[in-house]
Amino acid sequence: MSIDPRLIAALIGAGVASAGWVFKAWLDKAQDQSRRQERVRDVQTALVAEILPYLEALQLFDLTDHLEQVVDKMRRQPEYFPLVPTERNDTVFRAVLSEIHVLPEPVIKPVVRYYSQLFAIEALIEDLRGQGVRNLDGDAREAMYTDYISMKVQALKLGQNAVAAIEAQLGRRL
């Protein structure tokens with residue numbers, strides 16, 4: 001019994017086509033994985049690019065010394081209350097928040113903790129800039145400003161932790 005050469009050709013063609021589909025599926029999966037890894041790197045790099053300038057700004061002067069000077073002036077001049085500027089240090093984070101799940105698990109927690117601290121600082125700044133704080137007694141205003149500076153000190157630590165976690169995942173120092 002001989003096998004029809006057309007059947008052999010059809011089987012070979014089907015085998016080649018099947019192998020092509022398997023190879024294409026494997027290639028697509030590899031490309032998707034590569035694109036995902038690139039996206040994760042890009043998001044982490046962007047977050048570090050946003051976090052570092054704020055950390056550098058916080059390190060420009062001694063926050064504890066600044067607090068002591070401001071509190072001293074508040075005590076000497078009861079009508080004095082420092083101007084507290086608004087801050088926006090979360091533009092990148094807000095842009096990638098819907099994709100936070102793409103980050104490696106060891107990065108998510110420190111990054112979210114850092115930005116949660118920034119949101120708390122923003123809320124306190126809004127209170128400090130309001131007229132209500134001017135109506136408080138000196139001790140209460142002093143306590144609010146002390147909380148504000150303490151939160152900035154904590155933001156510095158949390159930001160350093162977030163950057164360290166990202167650097168560990170990227171395998172390099174940024």
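Take Arg41 and decide whether it is open to solvent by 100 Å² or more (accessible area, probe 1.4 Å), of a type in the set (Lys, Arg), in a helix (DSSP H, G or I) and touching a residue at least 60 places away in the same chain (Cβ under 8 Å).
yes
Contact list please: Cβ distance under 7 Å, first residue in the range 105-125 and crowded, with 16+ Cβ neighbours inside 10 Å, second residue β-branched (Val, Ile, Thr) and outside any helix (DSSP H, G or I), pairs at least six apart or on different chains.
Ile125/Val84; Ile125/Thr86
Considering (1) without any contact (Cβ under 8 Å) to a residue 40 or more places away in the chain; (2) over 16 Å from Tyr54 (Cβ atoms), say which one Gly138 fails and leave the rest.
Among (1) without any contact (Cβ under 8 Å) to a residue 40 or more places away in the chain; (2) over 16 Å from Tyr54 (Cβ atoms), Gly138 violates only (1).
Among Val43, Val22, which is the only one that is among the hydrophobic types (A, V, I, L, M, F, W, C) and at pLDDT 80 or above? Can you show your working first?
On the way: Val22 fails: at pLDDT 80 or above.
Going through Val43, Val22 in turn, the sole match is Val43.
If I go through the range 136-159 residue by residue, how many of them are crowded, with 16+ Cβ neighbours inside 10 Å and under 15 Å from Val112 (Cβ atoms)?
Qualifying residue count for the region: 3.
Taking the range 54-82 as the search range and keeping residues that are touching a residue at least 12 places away in the same chain (Cβ under 8 Å) and open to solvent by 70 Å² or more (accessible area, probe 1.4 Å), which one is nearest to Asp137 (Cα to Cα)? Let's see the steps before the verdict.
The initial filter retains those residues of the range 54-82 that are touching a residue at least 12 places away in the same chain (Cβ under 8 Å), namely 54-55, 58-59, 63-64, 66-67, 70-71, 74-75, 78, 81-82.
Remaining after also requiring open to solvent by 70 Å² or more (accessible area, probe 1.4 Å): 59, 64, 75, 78.
Values: Gln59: 31, Thr64: 22, Arg75: 11, Pro78: 9 Å.
The residue in question is Pro78.
Would you check which residues across the range 83-102 are open to solvent by 10 Å² or more (accessible area, probe 1.4 Å) and aliphatic (A, V, I, L, M) and list them?
Listed by number, the residues that qualify are Leu83, Val92, Ala95, Val96, Leu97, Ile100, Val102.
Kindly evaluate Glu50 against the criterion of being modelled with pLDDT of 95 or more, at negative phi, out of contact with any His (no Cβ under 9 Å at 6 or more places or on another chain) and assigned to a helix (DSSP H, G or I). Walk me through how you get there before you give the answer.
Details: modelled with pLDDT of 95 or more: yes; at negative phi: yes; out of contact with any His (no Cβ under 9 Å at 6 or more places or on another chain): yes; assigned to a helix (DSSP H, G or I): yes.
Against the criterion (modelled with pLDDT of 95 or more, at negative phi, out of contact with any His (no Cβ under 9 Å at 6 or more places or on another chain) and assigned to a helix (DSSP H, G or I)), Glu50 qualifies.
The values are calculated or read from the model by the stated rules, or taken from the named source; none is laboratory data. A quick note: this is a predicted structure, and the numbers were derived from the prediction, not measured. Counting neighbours? That spans all protein chains shown, and the Cβs are built from the backbone with ideal geometry, glycine included. Keep in mind that these areas ignore ligands, DNA and RNA; they rest on the heavy atoms of the full protein, side chains included. Shrake-Rupley method; radii C 1.70, N 1.55, O 1.52, S 1.80 Å.
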